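To start, the structure itself, in structure tokens.
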Amino acid sequence: MIKQESPSTGANRRHELPPDKPQNPPIANVRLWLNNHKQALHRAKFHLTHNLFASIVTILVIASTLTLPASFQILFSNLQGKEDQLAQHSGISIFLQKNIAQETIQQLQEQMTAKPEIKALSYLSAADVLAEFQASVGINSKKLLPGNPLPAVIYLTLDMANSSATTIQSLEQWLGELHGVDLVQMDSQWINQLFAIVDLVKNLSLLLALFLIFSVLVIIGNTIRLLAQHYYDEILVSKLMGATDAYVRRPFLYSGVLFGLLGGFFACVFVFLGFLWLDPEITAVTHNSVNSLTINGLNFTDISSILLLGALLGIGGAWIASNRIINEISI
Amino acid sequence: MIEIQHLRKQYASGQDALRNINLTISQGEMIFLTGKSGAGKSTLLKLIALLERPSSGNIIFDGLDLADISLRQLPYFRRRIGFVFQNPTLLHDRSSFDNIALPLVISGYATDEIVKRVRASLDLVGLLKKSQQPPQNLSSGEQQRIGIARAIVTRPEVILADEPTGNLDPELSKEIMGLFSRLNQVGITLAIATHDLSLINDMPYKKIALCNGSIASSGEVTQSHD
Ligand SMILES: Nc1ncnc2c1ncn2[C@@H]1O[C@H](COP(=O)(O)OP(=O)(O)O)[C@@H](O)[C@H]1O
Ligand SMILES: [Mg+2]
């Protein structure tokens, strides 16, 4: 038989507003708080596994949507700092015509060494250029480029002490008129062009990434909205029994975070698999020592920022969606 | 326990659901609210439970003016009241035990206390054996008893019941009313709305008849309490 509280406890409460929180000792409050969160997490796991197939589909959709922004993040974090490194080059690249004779190349090199403005010279055959390109981009370009479309190159290092803008300009002109030379390019020039393109690509991909990230917010929000609608009765009954909005909201926030984290995790897996497909060697940390562009695959910072992004999108989407349902039940 | 003064409720539709209600429900008392459908019984219970706010007038609950309760405080006030509805609003995705445990879980009780109290409540409504059954496996009378067990499990000061026997046949209705009497005997204050006069006619409790939002008669206790 259930016992009613003694009347004296009732009398003590007279003329008092109900307390905002149960008046427990601090340690009991901590335990209550932990317990509340444990329960909410448990409910969230139940939400997720209850309709497992739908959950898996949602997580994979989130993951594929996050894959592109995640790849951008990795590419651009790899590019960071390489720009300055490259811009310091003060040389001239001479792209040779295709299929010229070995003697012509030999002759060209001799003519160039004779010039006082030129400090050093190095020759790379077409095969060497391709190898360097592969090493520097970190991608097995055989999959991307059919055959070898790259020309042989002679790199000149200028003796900057012995040259001025005008001497370099006349040197450039002289080089261009040599037999067997296809194109003469000042390194700083093409580097600037490259980085102008990189900047444009960066801005476009940032825009695309923001759009995709917003889509993930919408996907998670919509998933949680459907979930909250499914548990409408439970929310209603809980509010009638004195559940606070925070209590009602909590399991949905956890569900959102779980969706976001799992989506982020699988996005990392997709990115990893994508790079693996492009080059199986990509994950080797000391992949190449060429002082140029290297892609190191996923590092700890990348993974944690993708997971953090997923979790934040999860909690944000869930917050908006669950609040809408909670406010709908205004009792 | 509950003092109602000049209470008026007008819904957004413009209709006066209650007009100038004055009523006192003492601690440990059990009263019936009677009247035809549309008389205002549900509205009165909703106002006491703060499911609706009055248009004017006051409700003093255990010395506390309900108008002073903010949205933030509302959930904590609700925990002092037990509700029983015509439809027991049980959750079908969990056992009867877990349905009854819900208000305790919400209020943050420890697990062993929850087990103790839920078992005591189930025992009181005579359904200890069915604790692991989900509500949809129970008869409607049993479901209503689970609803009542859920309402009393927090040991509320007041139980408000709105047509608790509305879906039940006369036999089961008698049983439920008997259960309310027993709760009253252990000191719980109850207000029960019903339109079924024949069911409560010979029950020895105060009957307040509502008609078009006003108190038509405040009938006295017909038999002595034994
Ligand atoms: N949510 C509401 N909005 C507008 N009018 C309502 C609402 N609830 C009840 N009413 C009206 O208030 C009056 C009293 O209704 P109610 O309290 O439900 O009566 P009872 O429970 O005695 O049948 C009725 O005329 C009803 O139509
Ligand atoms: Mg009614």
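The values are calculated or read from the model by the stated rules, or taken from the named source; none is laboratory data. These figures come from a predicted structure and were not determined experimentally. Note: ideal-geometry Cβ built from the backbone for every residue, glycine included; neighbour counts use all protein chains shown. For the accessible areas, the whole protein counts, side chains as well, though only heavy atoms, and no ligand, DNA or RNA atoms are used. Shrake-Rupley method; radii C 1.70, N 1.55, O 1.52, S 1.80 Å.
Hey, does segment A:273-282 have a residue that's surrounded by fewer than 19 Cβ atoms within 10 Å (Cβ to Cβ) and modelled with pLDDT of 80 or more? Can you show your working first?
At the first step, the residues of segment A:273-282 found to be surrounded by fewer than 19 Cβ atoms within 10 Å (Cβ to Cβ) are A:273-274, A:276-278, A:280-281.
Add one more test, that the residue is modelled with pLDDT of 80 or more, and what stays is A:273-274.
Checked against the condition, which is being surrounded by fewer than 19 Cβ atoms within 10 Å (Cβ to Cβ) and modelled with pLDDT of 80 or more, segment A:273-282 yields at least one hit.
Condition check ((1) in the same structural domain as A:Gly221 (by TED's automatic domain parsing); (2) of a type in the set (Ser, Thr, Tyr)) across all residues:
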{"site": "A:Arg31", "(1), (2)": "no, no"}
{"site": "A:Arg43", "(1), (2)": "yes, no"}
{"site": "A:Thr49", "(1), (2)": "yes, yes"}
{"site": "A:Val61", "(1), (2)": "yes, no"}
{"site": "A:Ser71", "(1), (2)": "yes, yes"}
{"site": "A:Ile74", "(1), (2)": "yes, no"}
{"site": "A:Asn78", "(1), (2)": "yes, no"}
- Query: What do you reckon, is B:Asn87 open to solvent by 70 Å² or more (accessible area, probe 1.4 Å), out of contact with any helix residue (DSSP H, G or I) (no Cβ under 8 Å at 6 or more places or on another chain) and either within 16 Å of ligand 2 (Cβ to nearest atom) or within 13 Å of B:Asp162 (Cα to Cα) (or both)?
  - Reply: yes
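Looking at segment B:114-121, is at least one residue among the polar types (S, T, N, Q), open to solvent by less than 10 Å² (accessible area, probe 1.4 Å) and within 14 Å of chain A (Cβ to nearest Cβ)? Don't jump to the end; show me each part of the working.
First pass over segment B:114-121, keeping only residues among the polar types (S, T, N, Q): B:121.
Going one step further and asking which of them are open to solvent by less than 10 Å² (accessible area, probe 1.4 Å), we end up with B:121.
Okay, now just the ones that are also within 14 Å of chain A (Cβ to nearest Cβ), so B:121.
Yes: segment B:114-121 contains one or more residues that are among the polar types (S, T, N, Q), open to solvent by less than 10 Å² (accessible area, probe 1.4 Å) and within 14 Å of chain A (Cβ to nearest Cβ).
Would you confirm, using the coordinates I've provided, whether B:Gly28 is within 12 Å of ligand 1 (Cβ to nearest atom), of a type outside the set (Val, Ile, Thr) and touching a residue at least 60 places away in the same chain (Cβ under 8 Å)? Please lay out each step first, then the result.
Details: within 12 Å of ligand 1 (Cβ to nearest atom): no; of a type outside the set (Val, Ile, Thr): yes; touching a residue at least 60 places away in the same chain (Cβ under 8 Å): yes.
Taking the combined requirement at face value, the residue does not satisfy it.
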- Among the residues of segment A:207-222, is there at least one that is under 24 Å from the mean Cα position of the chain (by Cα), away from every other protein chain (no Cβ under 14 Å) and farther than 22 Å from A:Leu60 by Cα? yes
- Message: I'd like the residue in segment B:158-171 that is more than 16 Å from ligand 2 (Cβ to nearest atom) and buried (at least 20 other Cβ atoms within 10 Å of the Cβ) and, out of all such residues, is farthest from B:Thr89 (Cα to Cα).
- Response: B:Val158
- Residue count for segment B:172-197, restricted to those that are out of contact with any helix residue (DSSP H, G or I) (no Cβ under 8 Å at 6 or more places or on another chain), open to solvent by 40 Å² or more (accessible area, probe 1.4 Å) and away from chain A (no Cβ under 14 Å): 1
- Note on the structure: Reported set for segment B:135-152 where residues are buried (at least 22 other Cβ atoms within 10 Å of the Cβ) and free of Cβ contacts under 8 Å to residues at least 40 places away in the same chain is B:Arg145
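Taking A:Tyr232, is it surrounded by fewer than 23 Cβ atoms within 10 Å (Cβ to Cβ), within 29 Å of B:Leu90 (Cβ to Cβ) and more than 9 Å from every other protein chain (Cβ to nearest Cβ)? Don't jump to the end; show me each part of the working.
On the way: surrounded by fewer than 23 Cβ atoms within 10 Å (Cβ to Cβ): yes; within 29 Å of B:Leu90 (Cβ to Cβ): yes; more than 9 Å from every other protein chain (Cβ to nearest Cβ): yes.
Answer is yes for this residue.
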- Query: Does at least one position in segment B:76-94 carry a residue that is modelled with pLDDT of 90 or more and more than 13 Å from every other protein chain (Cβ to nearest Cβ)?
  - Reply: no
- Among B:Thr194, B:Thr189, the single one that is hydroxyl-bearing (Ser, Thr, Tyr), within 16 Å of ligand 2 (Cβ to nearest atom) and closer than 24 Å to B:Thr43 by Cα is B:Thr194
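Just name the residue that is modelled with the highest pLDDT out of those in segment A:70-123 that are among the aliphatic types (A, V, I, L, M) and open to solvent by 60 Å² or more (accessible area, probe 1.4 Å).
Here is the first cut: in segment A:70-123, the residues among the aliphatic types (A, V, I, L, M) are A:70, A:74-75, A:79, A:86-87, A:92, A:94, A:96, A:100-101, A:105, A:108, A:112, A:114, A:118, A:120-121.
Checking the rest, the ones that are also open to solvent by 60 Å² or more (accessible area, probe 1.4 Å) come to A:75, A:114.
Working: A:Leu75: 77, A:Ala114: 86.
Ranking the candidates gives A:Ala114 first.
Can you confirm whether A:Asn35 is within 12 Å of chain B (Cβ to nearest Cβ), more than 35 Å from the chain's Cα centre (by Cα) and modelled with pLDDT of 80 or more?
Working: within 12 Å of chain B (Cβ to nearest Cβ): yes; more than 35 Å from the chain's Cα centre (by Cα): yes; modelled with pLDDT of 80 or more: yes.
For A:Asn35, the condition - within 12 Å of chain B (Cβ to nearest Cβ), more than 35 Å from the chain's Cα centre (by Cα) and modelled with pLDDT of 80 or more - is met.
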- Task: Considering only segment B:53-63, state which residues are farther than 15 Å from B:Ile159 by Cα and buried (at least 19 other Cβ atoms within 10 Å of the Cβ).
- Result: B:Pro54, B:Ile59
- Take the residues in segment A:236-270 that are more than 7 Å from chain B (Cβ to nearest Cβ) and of a type in the set (Val, Ile, Thr), then tell me which one is surrounded by the fewest Cβ atoms within 10 Å (Cβ to Cβ). A:Val269
- Task: Would you please list the contacts, defined by Cβ atoms under 8 Å and residues six or more apart or on different chains, that run from a residue in segment B:87-106 that is more than 12 Å from B:Gln144 (Cα to Cα) and in the same structural domain as B:Gln144 (by TED's automatic domain parsing) to a residue that is hydroxyl-bearing (Ser, Thr, Tyr) and at pLDDT 90 or above?
- Result: B:Ser95/B:Ser131; B:Phe97/B:Ser131; B:Leu102/A:Ser238; B:Pro103/B:Thr154; B:Leu104/B:Thr154; B:Ile106/A:Ser238; B:Ile106/A:Tyr247
